[in-house]
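Peer 1: Sharing a structure with you now.
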Amino acid sequence: MPTPAADLGAAPTTVVYVMGAGRSGSTLLERMLGEIPGFVTAGELIGLFRWIAVDDELCGCGTRFSQCPFWQSVGRRAFGGWDEARVAEIAALQRRVARQRHLPRLAAPALAGASFRADLARYGEVYRQLYRAIGDEAGAQAVVDASKWPAQVLALRNRPGIDLRVLHLVRDVRGVAYSWAKTGVVRPQSTSDALPELSSVPAARTASAWTAVQAEAGLLTATTAHATTIRYEDLVADPRGTLTAALSRVGFPPATAQDLPHVSGRTVTLTAGHGVGGNPSRFTTGVVELRLDDAWHEQLARRDRLVATAIGLPALARHRYLGRSSRSVAL
């Protein structure tokens with residue numbers, strides 16, 4: 001993995017990292033952020049080396065990763081190209097560093113072994129190069145990464161050359177459980193039989209994973225310099241106010257936080273971009289009306305609702321989802 005010498009002394013790249021559980025609306029939030037002047041959305045970069053480049057998935061612009069001029073230029077800027085061996089090497093490095101099982105060592109790297117610390121430094125350098133290349137290629141001052149994983153935040157926090165701003169996105173676990181329970185949801189970015197559909201997961205497993213993410217994200221938000229929490233339901237009810245407040249809380253100046261020409265009332269205008277991964281809304285463009293969707297109230301099985309509520313109870317209370325009508329959200 002080469003290290004371009006030209007940008008070692010450059011200012012850090014500002015990265016807006018969307019953290020949270022899957023099916024919480026990260027694709028929508030990421031794309032809304034990417035429309036802000038000076039911002040560029042990159043999608044779920046955590047999957048870039050593991051399946052997006054390997055399976056040659058579709059970019060948000062509608063072309064295959066290997067044929068997208070934007071990503072091919074990014075690869076040349078960052079690593080000299082998307083060489084198959086290099087991609088595999090970075091994927092292996094990611095597995096050794098940025099996984100749930102490594103959280104204790106990520107939280108206290110000084111107590112980890114020398115080999116882990118060396119891998120962590122190399123991993124930070126990979127993403128420094130990647131973020132820098134994305135920002136330079138797009139001519140943007142901030143890169144939006146919707147990778148979601150808390151472990152990735154710990155792996156990249158305090159890394160040289162990366163100015164990390166974290167938005168923890170949370171959605172009612174019952175709405176999340178209902179979303180994960182759906183079957184037959186096509187992944188339009190897939191170009192093979194490898195991952196043709198979004199996974200379907202039982203409510204208990206979803207709620208357990210959601211609860212773990214909320215605990216990890218809560219700790220990270222409390223101990224990270226520029227981090228805050230957004231409820232997806234609030235984002236949809238008041239997109240301009242929610243985004244403005246959140247961006248201000250993570251250190252963006254008022255002029256940036258309030259520069260939202262694409263937001264009008266409860267509609268947003270989304271243009272095609274080069275984000276990777278995410279859900280089918282990745283390819284939605286034009287004026288999009290944000291609307292509340294109460295489907296899980298009627299369509300999530302009573303047993304699944306009780307299970308999800310019981311498992312997620314502490315976080316549900318902490319995020320104000322109890323004692324009131326909780327709403328899930330959809331495009």
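The values are calculated or read from the model by the stated rules, or taken from the named source; none is laboratory data. Note that the structure is predicted; figures quoted are calculated from it, not measured. For neighbour counting, all protein chains shown are included, and Cβ atoms are generated from backbone atoms with ideal geometry for every residue, glycine included.
Peer 1: Scan the stretch 24-49 for residues that are more than 18 Å from E137 (Cβ to Cβ), assigned to a helix (DSSP H, G or I) and of a type in the set (G, A, S) and jot them down.
Peer 2: Listed by number, the residues that qualify are S26, G47.
Peer 1: Looking only at residues that are among the small types (G, A, S) and more than 17 Å from G135 (Cα to Cα) in the stretch 39-55, which one is farthest from the chain's Cα centre (by Cα)?
Peer 2: The qualifying residue farthest from the chain's Cα centre (by Cα) is A53.
Peer 1: Considering G80, G124, G113, G62, which residue is under 23 Å from E35 (Cα atoms) and surrounded by fewer than 20 Cβ atoms within 10 Å (Cβ to Cβ)?
Peer 2: Step by step, each of G80, G124, G113, G62 is checked, and only G62 is under 23 Å from E35 (Cα atoms) and surrounded by fewer than 20 Cβ atoms within 10 Å (Cβ to Cβ).
Peer 1: Collect the residues in the stretch 96-113 that are over 21 Å from the mean Cα position of the chain (by Cα) and not in a loop (DSSP other than H, G, I, E, B), keeping them in residue-number order.
Peer 2: Correct list: P104, R105, P109, A110, L111.
Peer 1: Sticking with this structure for a sec: In the stretch 294-303, how many residues are touching a Lys or Arg at 6+ places or on another chain (Cβ under 8 Å), in contact (Cβ under 8 Å) with a residue 60 or more places away in the chain and either at positive phi or not aliphatic (A, V, I, L, M) (or both)?
Peer 2: 1
Peer 1: Return the residues of the stretch 65-75 that are surrounded by 13 or more Cβ atoms within 10 Å (Cβ to Cβ) and of a type outside the set (V, I, T); say none if nothing qualifies.
Peer 2: F65, S66, C68, F70, W71, Q72, S73, G75
Peer 1: Tally time: how many residues in the stretch 207-237 are without any contact (Cβ under 8 Å) to a residue 24 or more places away in the chain and under 20 Å from V288 (Cα atoms)?
Peer 2: Summing the residues that are without any contact (Cβ under 8 Å) to a residue 24 or more places away in the chain and under 20 Å from V288 (Cα atoms) in the stretch 207-237 gives 1.
Peer 1: Restricting the search to the stretch 107-138, which residues are among the small types (G, A, S) and within 15 Å of A10 (Cα to Cα)?
Peer 2: Selection gives A133, G135.
Peer 1: Applying the selection to the stretch 293-303, what residues are surrounded by fewer than 20 Cβ atoms within 10 Å (Cβ to Cβ) and part of a helix (DSSP H, G or I)?
Peer 2: Listed by number, the residues that qualify are A295, H297, E298, Q299, R302, R303.
Peer 1: I would also like to ask the following. When the stretch 227-258 is examined, which residues are found to be surrounded by fewer than 17 Cβ atoms within 10 Å (Cβ to Cβ) and either assigned to a loop (DSSP other than H, G, I, E, B) or at positive phi (or both)?
Peer 2: Answer for the stretch 227-258, where residues must be surrounded by fewer than 17 Cβ atoms within 10 Å (Cβ to Cβ) and either assigned to a loop (DSSP other than H, G, I, E, B) or at positive phi (or both): D238, G251, P253, Q258.
Peer 1: Filter the stretch 216-226 down to residues that are in a helix (DSSP H, G or I) and over 17 Å from the mean Cα position of the chain (by Cα) and give me whichever is surrounded by the most Cβ atoms within 10 Å (Cβ to Cβ).
Peer 2: By that ranking, first place goes to L219.
Peer 1: With the structure loaded, tell me whether R50 is touching a Leu at 6+ places or on another chain (Cβ under 8 Å) and not aliphatic (A, V, I, L, M) or whether it fails that test.
Peer 2: Criteria not met by R50.
Peer 1: For a quick check of your reading of the model, give me the residue pairs whose first member lies in the stretch 181-206 and is aliphatic (A, V, I, L, M), whose second is modelled with pLDDT of 90 or more, with beta-carbon atoms closer than 6 Å and at least 6 apart or on different chains.
Peer 2: Qualifying pairs under 6 Å: A194/D55; V201/W180; A203/A177; A203/D304; A203/V307; A203/A308; A204/V307.
Peer 1: State all residues of the stretch 56-95 that are in a helix (DSSP H, G or I), within 20 Å of the chain's Cα centre (by Cα) and among the charged types (D, E, K, R); if no residue qualifies, say none.
Peer 2: The answer is R95, and nothing else.
Yes or no, residue by residue, for (1) crowded, with 19+ Cβ neighbours inside 10 Å; (2) in a helix (DSSP H, G or I); (3) not charged (D, E, K, R):
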{"site": "Q129", "(1), (2), (3)": "yes, yes, yes"}
{"site": "E137", "(1), (2), (3)": "yes, yes, no"}
{"site": "A146", "(1), (2), (3)": "yes, no, yes"}
{"site": "A151", "(1), (2), (3)": "yes, yes, yes"}
{"site": "N158", "(1), (2), (3)": "no, no, yes"}
{"site": "L169", "(1), (2), (3)": "yes, no, yes"}
{"site": "A177", "(1), (2), (3)": "yes, yes, yes"}
{"site": "W210", "(1), (2), (3)": "yes, yes, yes"}
{"site": "V213", "(1), (2), (3)": "yes, yes, yes"}
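Peer 1: Quick one: what pairs do we get from the stretch 90-102, first residue surrounded by 21 or more Cβ atoms within 10 Å (Cβ to Cβ), second assigned to a helix (DSSP H, G or I) and at pLDDT below 95, C-beta under 7 Å, 6+ apart or different chains?
Peer 2: Qualifying pairs under 7 Å: Q94/R50.
Peer 1: Based on what the data block shows, is Q100 of a type in the set (S, T, N, Q) and modelled with pLDDT of 95 or more?
Peer 2: When the stated conditions are applied, Q100 does not pass them.
Peer 1: Let me ask something else. Across the stretch 259-292, which residue is surrounded by the most Cβ atoms within 10 Å (Cβ to Cβ) among those that are part of a strand (DSSP E or B) and aliphatic (A, V, I, L, M)?
Peer 2: Of everything passing the filter in the stretch 259-292, V276 is surrounded by the most Cβ atoms within 10 Å (Cβ to Cβ).
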